[in-house]
Amino acid sequence: RRRACRDPEAFEEDIAAVVAAARAKERGQFTLERLRVGHVLHKVLTAVRTHGVLIESNFTTLVSSIGILEGLGRQLDPRLDLFEVALPMLSLADVRDAMA
């Protein structure tokens, strides 16, 4: 039986609080050393459960995979800035989408 979110506004507030707490204050602070991605995703899943939000099973698999990758990344280079690596790739994807 599918359940709808009981209080969408409260859910949005909870997710906004998670994002605000995880947000990097300045460039170079979005590192594996500083940010605990698994902890952030745990807070998201807690909000999902608390508010009865239905999620795809693929999302749960994604969360597990990210937790594994986070641990591996932290062992290899905890000072790696995730945005420094991701932004050029995301920008390139935006350009490709605009041209399609």
Scan of the stretch 49-63 for residues that are open to solvent by less than 70 Å² (accessible area, probe 1.4 Å) and at negative phi, ordered by number: HIS51, VAL53, ILE55, PHE59, THR60, VAL63
Quick count over the stretch 27-78, residues being of a type in the set (Gly, Ala, Ser), part of a helix (DSSP H, G or I) and under 21 Å from ARG6 (Cα atoms), is 2
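The values are calculated or read from the model by the stated rules, or taken from the named source; none is laboratory data. All of these numbers come straight from a predicted model, not from anything done at the bench. Surface accessibility is based on the protein's heavy atoms, side chains included, excluding ligands, DNA and RNA. Shrake-Rupley method; radii C 1.70, N 1.55, O 1.52, S 1.80 Å.
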